[in-house]
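Bear in mind these aren't lab numbers, they're just calculated from the coordinates by the rules spelled out. Since the structure is predicted, the reported quantities are computational estimates derived from the model, not experimental observations. Note that we place each Cβ from the backbone using ideal geometry, even for glycine, and neighbour counts take in every protein chain shown.
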């Protein structure tokens, strides 16, 4: 470990001990990147992975004379997200400029919202693994534009410190974001880390269910800033908070909250004070390090954006949008688990693998729930893992349902079905087409099978004698030989029945 | 054919349409005149001679092929350097944008090109339109054609001087607190600030977004109307652009030429925009004009706008506040000059700082500092917040006045053109020069300045400001054209025809090649 990181690694207090002495108070700011076709304030494509600075125009590059226009779809998505979070939708809302200089911010101000956010005063209830229900109050959800992306070149770490120069790509500049800000979360106690993880997971799930965001944390579609402070037991006074920025996986949210609780507890117990600051989360080492000091008096010189008119979404429109909301993800999960009859472990496996949609669609296409679950979380997940892609990108639910039906009809054994699946993934066609083109169907005409069995029995007279002598368990050796001779294209159970029959019948 | 430069845009348009004059001839005449007089006047920062002649030739070819063309196709025009032009440098009069050629055209520029007007070049201005004299240009002053020792007004001194000295029949300006109307007044030309939202701001380098408006500069009310009709109307790229459909301003101006156009027009004279601080000759010509109007059947009444008193103070909080944010983007990262710090490391912060230090002039820095302060936490309510309340009060003053009268009138500026350097050392004196024009920007209503004679004491032009309710720009053109006709009939000539002849002192140098 480099010296600098050793120095950064703070002393930590045992988590349980920290909870004995202090009460953690949490707050989260989650940025959700909307998946609109174009950017928040101009007609440039909102696209991940294009060539650097190709999705740009005078407006999102902040060129002199450029002016913003509000993307109506982004407004609609923001309202739907707010409604799904139980928020009030403001009758009058406006944008404000947040002024600060940074090279990734083309205009050197962010077009955000300040005193009139589009959504406010909502809440969602999340369920922890213990079954504990926690209601998280949402203070506001507001619209803003994203910054460009800086890449620091020449240094060893890729960080700005030690870099020779930096490159900036404004493709992300101007991409629409909704920032969701919670109220203070008190009473989290030992569940604090899990609350962080579960809350962010819930936001991500809601955004995905609404279709307003691709909601992929690994691509930065959902980013979390975690605020943590500790209050000594018995005190009414809030402690000083830190804001750990850009914690970009669910597991990291949990780890970062836990780390900050343990770190702050150690500092406070040692007679130290917590500095109000932003902190960086280091995924590799699992620690946070000090960023820039942050005070409540940080002066962004907010003022209403004069280039945009105030917005007044009509109540009729808001109610129309409310009708488009999908079933809340938590309610949907309850309904599906009951319908499928999965035990908790089975259902969690599906949820954690992000395969709820896939299983649901497969069942809808005619497969049994258990078979759909086994295939998605078993063989398909394994293949996806090997290929490094998402399971639901390999096959469609309709293809899988067809495959499962072939197995259930006895046309394929599980082993053959895995080969058919490979063929489907390789693009050879539907399961039925692969069965035909690869000649993989279970042989159901007993003629060739009986010939193979007879040959195998005659080839092993000692075994034949044992079966005839009343030891049917000896049949295993013959069954193996028959399956081999049939290249596996036989139903082992059927072979067993026929072997016992033929052992009595042949001369 | 030097006479071509003396023609109005309307007259030139007739000759072009009837093919008595070609666009190339018209363009060449203006370019020659620019060569003759502008080394001295310095109205232009950039002259695009070759491009202008090429574009003129294309118009001639299209006209020869009897393609349907806009009547103004082939008429030359000058563009204030605050407007983005993709084939010409665009500096806004600032060192920080020296040599910058935008990758796009402002919407108004695109509309001019679509109508076939010939862009002659870019005109001088106070840096980022901050000033009332064009002395704050990073590229040197522009001289007033009436008196070369005097300012041409500002910030659009270049456009006004270009039109007043016959270097172009038309020009575009931008008006945040009077930058079209005050230069028009002190150069004896016509300038119009349209209703806020009436003309697109897309591609106009922003000074104060809630106040800026692009508008026409010309030598006659009718020419301004023709130009207004080309540039006006909704633009989806500007969110503050009005979606209303507009009547023809040219038709409105023609209405003003009918007999009895002024009969029964209710004219409000703003009590607060008179008296102390107004030059005697300005007041005299203003009162004479009112008498002429009354004789023509207009009903003159005095109206009070009690909150105009606070307009300049509110304006000098709102403008710097918005400007401090609008000018943040000038940071060397994506466009414009880049200056590395003499000492210290080349961090983006240091380079931004060194670039802004070297690239911005003193007046720009003064206003950025003012605006940054006014928006700061703890001061916002007292400064920016209060200024916005004043703005509301001024809008109410206008509403109350327009419930009694059709148009409001005042002198366009308290004085005639002052001498170079006279107000440079005293920013407050410079700011107060805009006392007459600022209220219209704060309220978003349209305003026009037309020449009404020369002040007896100095022989310099005096302007009349006419204001109408928001969206009633057409009324300005009707009333303005009527007054213009009335005055010219009483004088027996246009006012600009009385301007001293410009000596083409530099002609030999330019013909033989400049050293």
Region A:444-507 and region B:160-182 have their Cα centres apart by a whole-number Å value of 104
To the nearest 0.05, the calculated FRET efficiency linking residue A:17 and residue A:345 through their beta-carbon distance, R0 being 35 Å, is 0.65
Averaged over residues of B:3-9, the number of beta carbons from other chains lying within 10 Å of each residue's Cβ is 0
The simple spin-label model distance between residue A:114 and residue A:37, using points 7 Å out along Cα→Cβ, in nm, is 3.4
Placing each pseudo-label 7 Å from Cα in the direction of the beta carbon, residue B:291 and residue A:504 end up separated by a distance in nanometres of 13.8
Under the 7 Å Cα-to-Cβ spin-label approximation, residue A:462 and residue A:477 lie apart by a distance in nanometres of 0.5
With R₀ set to 51 angstrom, the calculated FRET efficiency between the beta-carbons of residue A:219 and residue B:342, to the nearest 0.05, is 0.75
The alpha-carbon center of region B:453-484 and that of region A:153-171 are separated, in whole Å, by 58
Within 10 Å of the Cβ of an average residue in B:136-147, the count of other chain Cβ atoms is 0
Quick calc, residue B:20 & residue A:398: beta-carbon distance into FRET formula, R0 60 Å, rounding 0.05, result 0.20
For the protein assembly as shown, one quarter of the surface area of the C-alpha convex hull, expressed in nm², comes to 57.1
At 37 °C in a medium of viscosity 0.692 mPa s, region B:334-462 has a Stokes-Einstein diffusion coefficient, with Rh taken as the Kirkwood radius over alpha carbon pairs, in µm² per second, of 174
Per-residue average of other protein chain Cβ atoms inside 10 Å, peptide B:323-331 -> 6
Among region B:297-327, those whose backbone N falls under 16 Å of a label point 7 Å along Cα→Cβ from residue B:429 are none
Chain B -> Rg/Rh from Cα coords, Kirkwood Rh, value 0.96
Residue span residue A:269 to residue A:335: 0.36 nm per residue of separation minus Cα-Cα distance leaves a gain in nm of 19.1 nm
Here the residues of region A:19-38 lying in the modelled label zone of residue A:231, meaning backbone nitrogen under 11 Å from a point 7 Å along Cα-to-Cβ, are A:23-26
For chain A, longest principal axis from Cα atoms; helix A:492-505 axis from its Cα atoms; angle between them, nearest 10 degrees, is 10
The alpha-carbon center of region B:212-246 and that of region A:336-409 are separated, in whole Å, by 62
Measuring from the longest principal axis of the C-alpha atoms of chain A, the long axis of helix A:446-459 (C-alpha) lies at a number of degrees, nearest 10, equal to 70
